[in-house]
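Quick notes on the structure that follows.
The values are calculated or read from the model by the stated rules, or taken from the named source; none is laboratory data. Remember, it's a predicted structure, so these values are computed and weren't measured experimentally. Reconstructed Cβ throughout: ideal geometry from the backbone, glycine too, with neighbour counts over all protein chains shown.
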Amino acid sequence: MSATTEACSLKNVQKSPRHRARELALQGIYQWHVSGSDASDIENHLQGEKNLGRYDKAMYARLLRGVISQHEALESLLTPYLDRALNELSSIEFSVLLLAAFELSGQPDVPYKVVINEAVELAKTFGGTDGHKYVNGVLDKLAPKVRTVEFTNNRK
C-alpha cells in the first residue's frame with residue numbers, strides 16, 4: 001500500500017463514497033500526469049490496494065477515464081483562466097483542475113458549487129499550502145462560462 005493511500009484510508013471513515021471516488025480519481029490522474037500510465041493500468045493498480053474505504057466505483061472509473069481521455073479539451077478549457085502555463089502548475093493543482101473541469105463540463109447533474117467545493121477540499125488535502133486558493137480562483141472564473149444557465153439561475 002502506498003503511503004498516500006494508507007494515510008487516506010485512515011481519514012476516509014467519515015467521507016462519502018462520492019468524495020472518496022474523487023480522491024481516488026485525483027490520485028489516478030496525478031499518477032497518469034507524473035508517470036504517463038494509462039487508465040487501465042491505474043485502475044488495475046488500485047484494485048490491488050487494501051483499505052480503500054467505501055467509494056463509488058462507477059464514479060471513480062468515469063472520472064479517471066473521462067479526464068484522461070479528454071485531457072486536451074479540458075486543458076484548453078482551463079487555459080484562458082490560468083495566470084501561468086499549464087506546465088508551471090504543481091502536479092496536484094493540475095490534476096485537481098482537470099478533474100473539476102471534467103465535472104463542470106461533462107457532469108451537469110453535479111451542481112457547480114459542489115464541484116468547486118470538492119475541488120477546493122481535494123486541493124487542501126493533497127496540495128500545497130495555498131494551492132486551494134488558486135484552484136478556487138480558476139474554477140470561479142470557469143464555472144460561469146461552462147454552466148451559464150445554472151450559474152445565472154443561482155445568482156438571481
Checklist entry - Do any residues in segment 107-134 that are touching a residue at least 12 places away in the same chain (Cβ under 8 Å) have Cβ atoms under 8 Å from those of residues that are part of a helix (DSSP H, G or I) and aromatic (Phe, Trp, Tyr), where the two are at least six apart or on different chains, and which pairs are they? => result TYR112/PHE151; ALA123/TYR134; PHE126/TYR30
Checklist entry - Within segment 1-55, restricting attention to residues that are at pLDDT 90 or above and of a type in the set (Ser, Thr, Tyr), which residue is farthest from the chain's Cα centre (by Cα)? => result SER35
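In the list LEU78, LEU97, which residue meets the criterion of being more than 16 Å from GLU23 (Cβ to Cβ), in contact with a helix residue (DSSP H, G or I) (Cβ under 9 Å, 6 or more places away or on another chain) and in the same structural domain as LYS145 (by TED's automatic domain parsing)?
On the way: LEU97 fails: more than 16 Å from GLU23 (Cβ to Cβ).
Criteria check complete, one pass: LEU78.
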Next on the checklist: Within segment 53-75, does at least one residue satisfy the condition of being surrounded by fewer than 21 Cβ atoms within 10 Å (Cβ to Cβ) and touching a residue at least 60 places away in the same chain (Cβ under 8 Å)?
Outcome noted: no
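So which residues in segment 42-52 are touching a residue at least 40 places away in the same chain (Cβ under 8 Å) and either of a type in the set (A, V, I, L, M) or surrounded by 11 or more Cβ atoms within 10 Å (Cβ to Cβ) (or both), if there are any at all? Walk me through how you get there before you give the answer.
Filtering segment 42-52 down to residues touching a residue at least 40 places away in the same chain (Cβ under 8 Å) leaves 49-52.
Listed by number, the residues that qualify are GLU49, ASN51, LEU52.
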Item to check | Number of the condition not met by GLU23 [criteria: (1) in contact with an Asp or Glu (Cβ under 8 Å, 6 or more places away or on another chain); (2) closer than 20 Å to VAL115 by Cα] | outcome: (1)
Next on the checklist: I'm told GLU121 meets every condition in (1) under 24 Å from GLU150 (Cβ atoms); (2) not in a helix (DSSP H, G or I) except one. Can you identify the failing condition by its number?
Outcome noted: (2)
Checklist entry - If you take the residues in segment 79-112 that are among the acidic types (Asp, Glu) and in a loop (DSSP other than H, G, I, E, B), which one is surrounded by the most Cβ atoms within 10 Å (Cβ to Cβ)? => result ASP83
Item to check | Tally, over segment 110-156, of residues that are among the charged types (D, E, K, R), within 12 Å of the chain's Cα centre (by Cα) and closer than 14 Å to LEU82 by Cα | outcome: 0
